Amino acid sequence: MSRTTWTHSETRTAVDTGKSTAADSPDNSGAPPSALPGEDSGPRPERSGRRRWAMDTRPLRRPAFRRLWTSSTATAVGSQLTAVAVPKQVYDITGSSAWVGYAGLAGLVPLVVFALWGGAVADSLDRRKVLLTTNTGIAITSLLLWAQAAAGSESVATLMVLLALQQAFFGVNAPARSASVARLVPAGELVAANALTSTVMQTGLVLGPLLAGALIPVIGLGTLYLIDALALCAAVAAVRRLPPLPPLTAGADGTTGAPRPAGARQIVAGVRYIVAHRVLLLSFLADIVAMVFGMPRALFPQLAATTYAPWGEGMALGLLYAAIPVGAVVAGLMSGSYSHARRHGWMVIGSVVAWGTAITAFGLSAGLWWAVLFLAAAGFADMVSMVFRGAILQSAATDEMRGRMQGVFTVVVAGGPRLADLLHGTAGSVLGPRAAVVGGGLLVVVAMSALALAAPALRRHRI
């Protein structure tokens with residue numbers, strides 16, 4: 001649930017180089033690994049002591065997923081360089097934080113629109129080809145961002161157009177990437193695969209901004225775009241070596257069908273599918289509850305300048321922003337135990353309630369280090385929720401609907417935190433920042449508990 005305000009870093013496609021082998025897809029059909037002969041998709045062997053808690057790396061034994069995961073390290077950090085560079089350049093040109101906000105909106109609108117359409121595209125075409133096309137588009141826009149910075153451009157309009165174009169490509173890319181995971185690993189390894197991917201992304205959220213801050217005075221802002229573009233170019237070359245991932249028919253033989261149209265009818269069918277499958281709808285609502293009510297990042301600057309000012313405003317602000325991703329990384333490194341959980345619905349409910357409780361405790365904290373500790377605890381709970389919600393989406397939906405489900409997921413991921421910024425910013429100006437944070441955290445606990453009691457489908461869901 002932790003989100004970055006800017007670019008496509010949260011779920012950017014990432015693939016490693018290396019040849020596609022028969023082990024990737026022995027029949028070249030792109031069938032899910034769980035359907036292939038000789039694959040072990042059974043329960044994970046019991047481990048003892050620290051090994052039981054260590055990260056479950058079984059999905060990395062599968063060549064296609066290993067390519068997808070390995071290069072995500074570079075792209076996660078690279079995308080965060082762009083995430084810092086765009087608002088910094090906008091502010092340098094305009095001297096206005098309002099323009100920074102307008103630029104963020106310019107990126108959000110195409111992301112939402114194209115994520116919905118991109119989900120239908122991912123269910124209609126070969127997902128490998130979709131990834132190849134959209135990764136190429138993202139790489140080209142990153143190169144154009146570098147070119148305009150290198151040319152000394154001071155056009156905010158150019159920046160906003162390029163950002164909007166990049167987010168449109170990402171809106172199509174993200175559903176195809178996420179929907180592909182269930183075709184590369186068996187159902188029993190979905191939780192582990194999501195934990196591996198989410199941990200890399202959260203690590204990028206920590207290291208990317210720190211690296212950007214250190215590099216800008218040395219190599220200049222424009223070079224950050226170039227580094228991101230080079231990482232994406234390597235990913236584009238690697239996508240070509242993934243196995244084909246065409247749409248699967250409903251037949252038991254796993255044969256592929258002709259490309260299907262990707263229009264408004266398919267998007268509406270996806271929405272109806274969510275409504276008809278209660279556990280999918282509830283997984284989206286759980287994220288909305290946690291993010292809209294409980295993400296207090298809009299209040300971090302005010303808290304750093306007032307409540308935690310004695311520790312130094314700059315240091316306090318940096319620690320507040322870093323705490324949630326750090327907690328999420330720790331949760332990812334301890335994710336081995338997740339693979340033993342079978343009641344995925346209860347894991348989502350418990351982690352969202354834990355998130356709300358930790359945010360409430362953060363709002364009550366007068367000391368900076370207690371505040372950082374509780375935010376890190378919230379990040380830990382955030383990672384658990386993210387992993388199990390992803391597993392529910394990938395396992396409960398059929399393959400022909402996974403792209404559309406991930407498209408809606410991308411919209412929720414992008415929109416929830418921004419609604420939270422508006423809600424918390426408004427409430428903070430009226431009630432004060434600490435009261436707004438505490439109230440939001442308590443609302444998460446109450447709303448999630450009520451949702452769990454009123455809707456047994458989520459409580460009952462297990463794998």
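Looking across PRO244, PRO261, one residue alone is more than 23 Å from the chain's Cα centre (by Cα), farther than 29 Å from GLN89 by Cα, part of a loop (DSSP other than H, G, I, E, B) and at pLDDT 85 or above. It is PRO244.
Residues in the range 293-309 that are touching a residue at least 24 places away in the same chain (Cβ under 8 Å) and surrounded by fewer than 23 Cβ atoms within 10 Å (Cβ to Cβ): ARG297, ALA298, GLN302, THR306, THR307. Out of all the residues in the range 347-375, which are within 20 Å of the chain's Cα centre (by Cα) and under 20 Å from GLU313 (Cβ atoms)? Matches in the range 347-375: LEU375 only. Residues in the range 208-232 that are surrounded by fewer than 17 Cβ atoms within 10 Å (Cβ to Cβ) and either among the polar types (S, T, N, Q) or assigned to a helix (DSSP H, G or I) (or both): LEU210, GLY213, ALA214, PRO217, VAL218, ILE219, LEU230. Look at PRO110 and say whether it is in a helix (DSSP H, G or I), in contact (Cβ under 8 Å) with a residue 60 or more places away in the chain and within 28 Å of HIS344 (Cβ to Cβ). No: the conditions fail for PRO110.
For the range 423-441, taking the residues that are touching a residue at least 12 places away in the same chain (Cβ under 8 Å) and of a type in the set (A, V, I, L, M), the one that is surrounded by the most Cβ atoms within 10 Å (Cβ to Cβ) is identified as VAL437.
Every condition in (1) crowded, with 19+ Cβ neighbours inside 10 Å; (2) touching a Gly at 6+ places or on another chain (Cβ under 8 Å) is met by VAL113 except one, and the failing one is (1). Beta carbons closer than 6 Å, at least 6 apart along the sequence or on distinct chains, pair a first residue in the range 136-150 that is part of a helix (DSSP H, G or I) with a second that is of a type in the set (S, T, N, Q) and crowded, with 19+ Cβ neighbours inside 10 Å for ILE138/GLN166; THR141/GLN166. Which ones in the range 177-196 are β-branched (Val, Ile, Thr), assigned to a helix (DSSP H, G or I) and at pLDDT 80 or above? Correct list: VAL181 only. Checked against (1) closer than 15 Å to GLY294 by Cβ; (2) among the hydrophobic types (A, V, I, L, M, F, W, C); (3) surrounded by fewer than 24 Cβ atoms within 10 Å (Cβ to Cβ), VAL411 passes all but a single condition, namely (1). Tallying residues that are part of a helix (DSSP H, G or I), surrounded by fewer than 19 Cβ atoms within 10 Å (Cβ to Cβ) and among the charged types (D, E, K, R) within the range 341-384 yields 0.
The values are calculated or read from the model by the stated rules, or taken from the named source; none is laboratory data. For clarity, every value in this text was computed on a predicted model and none was experimentally measured. Ideal geometry is used to build each Cβ from the backbone, glycine not excepted, and the neighbour counts take in all protein chains shown.
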